[in-house]
Amino acid sequence: MGEIIFDAAVTINGYLADEKHSLAWLFEVPGAAEPDPDLLPANVGVHVEGSNTYQWLLENEDLLAHPEKWQEFYPGIVTYVFTTRDLPVPDGADVRFVSGDISTVLPQIREAAGDKNIWVLGGGELLGQFLDHGALDTLALTIAPAALAGGAALLPRNIGSEQLELIQAKQAGPFARLVYRVKH
Ligand SMILES: NC(=O)c1ccc[n+]([C@@H]2O[C@H](COP(=O)([O-])OP(=O)(O)OC[C@H]3O[C@@H](n4cnc5c(N)ncnc54)[C@H](OP(=O)(O)O)[C@@H]3O)[C@@H](O)[C@H]2O)c1
């Protein structure tokens, strides 16, 4: 069984995006547009994301008009989107819409992943739901040298140090990379 990993870039004060869902603060950092593949989760079979993250991905790369880019960016990946709405899907993309309790949906996500890892991309509330259900194995953060006055919070939860074990801390150019194992 693969691992469930949250991995995202974040500001030093804990935001994933600004109030308008923009990642401009991230892409202004030198080298951010071409992230080091060694910093991203390996052997991933499934992406899991909330609807705002999914819509940002669609809009940022105009993926509905250019569905071939979806295959280029996410080859062989099954994407689960948590939403209560009907959202569009790029032609040919394997996007599955789910809603409700994480523990109800998790068996089908695990089955789709098989032995591969599951990458929870965001946002913070969805990350919180995975932690609430003891369903996260690894929390990985790439911290950008930037702060935001407000926006989408990384993790709107109280999490004690008894739940997280630091297993890696390193510099990656202008970024700081922190990886935690979630204790169950
Ligand atoms: N910095 C990074 O590396 C990074 C990584 C990922 C995302 N981001 C950005 O961070 C922002 C995250 O946005 P966000 O915090 O608003 O979160 P989000 O998780 O992307 O979207 C939240 C929405 O997901 C749906 N949802 C969540 N849990 C659900 C559940 N259990 N059942 C049904 N629907 C559920 C709800 O939408 P409905 O109204 O559709 O039901 C909810 O309003 C986005 O702008 C994204 O682009 C940044």
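Conditions (1) open to solvent by less than 30 Å² (accessible area, probe 1.4 Å); (2) closer than 13 Å to Ala152 by Cα; (3) in contact (Cβ under 8 Å) with a residue 40 or more places away in the chain, marked per residue:
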site: Ala9; (1), (2), (3): yes, yes, yes
site: Gly14; (1), (2), (3): yes, yes, yes
site: Ala24; (1), (2), (3): no, no, no
site: Glu28; (1), (2), (3): no, no, yes
site: Leu39; (1), (2), (3): yes, no, yes
site: Asn43; (1), (2), (3): no, no, yes
site: Tyr54; (1), (2), (3): yes, no, yes
site: Asn60; (1), (2), (3): no, no, no
site: His66; (1), (2), (3): no, no, no
Here are the criteria: (1) at positive phi; (2) within 14 Å of the ligand (Cβ to nearest atom); (3) not basic (Lys, Arg). Tell me which single one Trp56 does not satisfy. (1)
Which condition number does Ile12 fail, the rest of (1) within 11 Å of the ligand (Cβ to nearest atom); (2) part of a loop (DSSP other than H, G, I, E, B) being met? (1)
Out of Leu87, Leu127, Leu106, Leu139, which single residue is under 30 Å from Ala32 (Cα atoms), open to solvent by less than 40 Å² (accessible area, probe 1.4 Å) and free of Cβ contacts under 8 Å to residues at least 60 places away in the same chain? Leu87
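Give the stretch 1-42 a look and list any residue that's of a type in the set (Phe, Trp, Tyr) and within 24 Å of Ala112 (Cβ to Cβ), or say none.
Scanning the stretch 1-42 gives a single hit, Phe6.
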Just one listed residue, out of Lys20, Lys69, is basic (Lys, Arg) and within 14 Å of the ligand (Cβ to nearest atom), and it is Lys20
Of the conditions (1) within 11 Å of the ligand (Cβ to nearest atom); (2) open to solvent by 20 Å² or more (accessible area, probe 1.4 Å), Ala32 satisfies every one except a single condition; which number is it? (2)
Residues within the stretch 78-118 that are away from the ligand (no atom under 16 Å from the Cβ) and under 15 Å from the mean Cα position of the chain (by Cα), tallied: 2
Which condition breaks for Pro37 when tested against (1) within 9 Å of the ligand (Cβ to nearest atom); (2) modelled with pLDDT under 95; (3) not aromatic (Phe, Trp, Tyr)? (1)
Which residues, taken from the stretch 68-84, are open to solvent by 70 Å² or more (accessible area, probe 1.4 Å) and closer than 22 Å to Gln108 by Cβ? Pro75, Gly76, Thr84
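Going by the conditions given, is Ala149 in a strand (DSSP E or B) and within 16 Å of the ligand (Cβ to nearest atom)? Explain how you work it out, then say what you get.
Working: in a strand (DSSP E or B): no; within 16 Å of the ligand (Cβ to nearest atom): yes.
When the stated conditions are applied, Ala149 does not pass them.
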Given (1) closer than 19 Å to Asp115 by Cβ; (2) within 15 Å of the ligand (Cβ to nearest atom); (3) not in a loop (DSSP other than H, G, I, E, B), Gly45 misses just (2)
Leu26 fails exactly one of the following numbered conditions: (1) in contact with a Leu (Cβ under 6 Å, 6 or more places away or on another chain); (2) farther than 25 Å from Leu106 by Cα; (3) outside any loop (DSSP other than H, G, I, E, B). What is the number of that condition? (1)
Can you tell me which residues in the stretch 1-23 are touching a Leu at 6+ places or on another chain (Cβ under 8 Å) and at positive phi? Gly14
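The values are calculated or read from the model by the stated rules, or taken from the named source; none is laboratory data. Since we're looking at a predicted model, the values are computed, not measured. A quick note on method: Cβ atoms are made from the backbone with ideal geometry, for glycine too, and the neighbour counts reach across all protein chains shown. The protein model used for the area step is the full one, side chains on, heavy atoms only, and it has no ligands, DNA or RNA in it. Shrake-Rupley method; radii C 1.70, N 1.55, O 1.52, S 1.80 Å.
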